Amino acid sequence: MAVPVDPERRKLAKYMLIAPGVAAASSVYGGVAGKDATIVNNIKIPVAGLGKRLQGYKIAQLSDIHLGVFFDLQKLEELMEQVSRTKADVLVITGDLFDDNRLNYKAAQLIDKYTSAFPQGIYYCRGNHEHIRGIQAIEIALSQTSIRELLNENVLLVDDIRPLYLAGVDYPMDREQFTVLQQLYTKKALDNIPEGAVKVLLAHHPDFLDSAKAYNTELVLSGHTHGGQIGICGISLAPPVFKYMRGMYQQGNTRCYVHCGNGSWFPYRLGCPPEIAVFELQQA
């Protein structure tokens with residue numbers, strides 16, 4: 001059976017084909033160094049009313065690894081070694097981890113090996129490529145690990161003056177019903193969290209910022225866009241395929257971070273290095 005095409009990915013790939021001048025001028029760096037030099041971004045998140053247990057609490061994020069042609073198991077192990085050195089309290093992976101079913105089991109086992117590096121575990125939410133490749137095969141691989149998938153649900157991580165809840169949503173694959181499903185998934189994930197809690201939502205698509213703000217969510221962690229894979233001075237040069245492309249956005253009291261991704265759609269990055277994002281909660 002033919003694999004469905006990701007329309008957003010196709011648009012960005014088409015952009016690369018119509019911008020040969022930029023690509024040619026920087027092909028060596030973008031194709032060799034730019035796509036592999038993973039950086040660590042340390043980001044402080046001010047939150048009012050934090051108790052002592054949550055002050056300095058660290059959440060590390062990976063996203064869009066796309067295991068397969070451009071990201072093999074050796075690179076995954078190198079990435080896990082690097083993120084384990086951040087000393088984060090918890091690791092979250094915001095979708096598009098799996099992109100080759102032949103690697104599912106070994107990849108899940110490899111990631112699970114690092115669970116002890118994160119005192120409160122490793123959590124994951126689905127992206128569109130998990131659906132494209134087949135959820136059942138991925139669920140079988142994850143079932144043999146302690147990696148916790150959050151599927152339109154939440155979990156209490158820290159019980160404090162303001163307890164910390166981590167929530168996660170599925171990816172709405174029906175484009176015509178995307179907004180309806182987005183709102184439904186957000187409600188399922190966040191609606192039953194106690195009032196006054198600190199809420200962090202894992203959502204592969206950054207548009208979930210629009211629905212999460214209604215629940216006074218402190219932080220949405222997303223990916224999907226790869227930051228456009230081409231940028232300058234932290235600004236994406238890719239066409240405006242996405243409403244939220246790269247970095248931090250805020251609506252009301254809700255922040256959303258759009259991760260630049262760890263893998264690639266195509267083996268080229270310029271001014272948009274793969275990243276490990278580390279969020280530290282601080283008293284506002």
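Read-outs: derived from the displayed coordinates by stated rules, not from any lab. Everything quoted here is computed from the prediction, not taken from an experiment. Virtual Cβ from ideal backbone geometry, glycine too; neighbours counted across all protein chains shown.
Report the per residue volume, in Å³, of the convex hull enclosing the C-alpha atoms of the range 8-283.
118 Å³
So how much slack lies between residue 43 and residue 78, counting 0.36 nm per residue of separation and subtracting their Cα-Cα distance, in nm?
Here the segment from residue 43 to residue 78 would lengthen by 10.4 nm.
For a footprinting-style exposure proxy, rank 63, 143, 211, 264 by other Cβ within 10 Å, fewest first.
Neighbour counts put them in this order, fewest first: 143, 264, 211, 63.
Taking neighbour counts of Cβ atoms within 10 Å as a proxy for exposure, in what order, fewest first, do 75, 199, 106 appear?
Least to most surrounded, the residues fall as 106, 75, 199.
Determine ³J(HN,Hα), in whole Hz, for all residues of the range 228-233 in sequence, where each value follows from phi through the Karplus function 6.51 cos²θ - 1.76 cosθ + 1.60 and θ = phi - 60°; x replaces Gly and Pro.
Whole-Hz 3J(HN,Hα) from phi for the range 228-233: x, 6, 9, x, 8, 6.
Tell me what the chain gives for mean residue ellipticity at 222 nm when only DSSP H runs of n ≥ 4 count, each as -39,500 (n - 2.57), the sum divided by the residue total, rounded to 500 deg cm²/dmol.
-7000 deg cm²/dmol
How would 142, 110, 166 line up from fewest to most surrounding beta-carbon atoms within 10 angstrom?
Fewest to most other Cβ atoms nearby, the residues stand as 110, 142, 166.
Farthest toward the dipole's positive end in the chain, which of 154, 103, 278, given Cβ charges of +1 (Lys, Arg) and -1 (Asp, Glu) about the Cα centre?
The one lying farthest along the dipole's positive direction is 278.
Under 12 Å from the Cβ of residue 219, count the other residues' Cβ atoms, weight Lys and Arg +1, Asp and Glu -1, and hand me the total.
+2
Mind pulling the angle between the C-alpha long axis of helix 7-17 and the longest principal axis of the chain? Nearest 10 degrees, somewhere in 0 to 90.
For helix 7-17, the angle is close to 40 degrees.
Can you compute the modelled spin-label distance between residue 250 and residue 85, with each label point 7 Å from Cα toward Cβ, in nm?
3.2 nm
Under a point-charge model restricted to the Cβ atoms of Lys and Arg (+1) and Asp and Glu (-1), what is the dipole moment magnitude of the range 8-283 relative to its Cα centre, in debye to the nearest 20?
The dipole magnitude comes to about 500 debye.
Got a sec to turn the phi values of the range 257-269 into Karplus ³J(HN,Hα) couplings, 6.51 cos²θ - 1.76 cosθ + 1.60 with θ = phi - 60°, whole Hz, x for Gly and Pro?
Couplings: 9, 9, 6, 6, x, 9, x, 9, 6, 9, x, 7, 9 Hz.
Can you figure out the FRET efficiency of residue 192 with residue 283, using R₀ = 25 Å and their beta-carbon distance, to the nearest 0.05?
Computed FRET efficiency for residue 192 and residue 283: 0.40.
What number comes out for the charge environment of residue 66, summing +1 per Lys or Arg and -1 per Asp or Glu over other residues with Cβ under 9 Å away?
In short, -4.
Which value in nm describes the separation of the simple spin-label points at residue 140 and residue 100, placed 7 Å from the Cα toward the beta carbon?
Using points 7 Å along Cα→Cβ, the separation is 1.9 nm.
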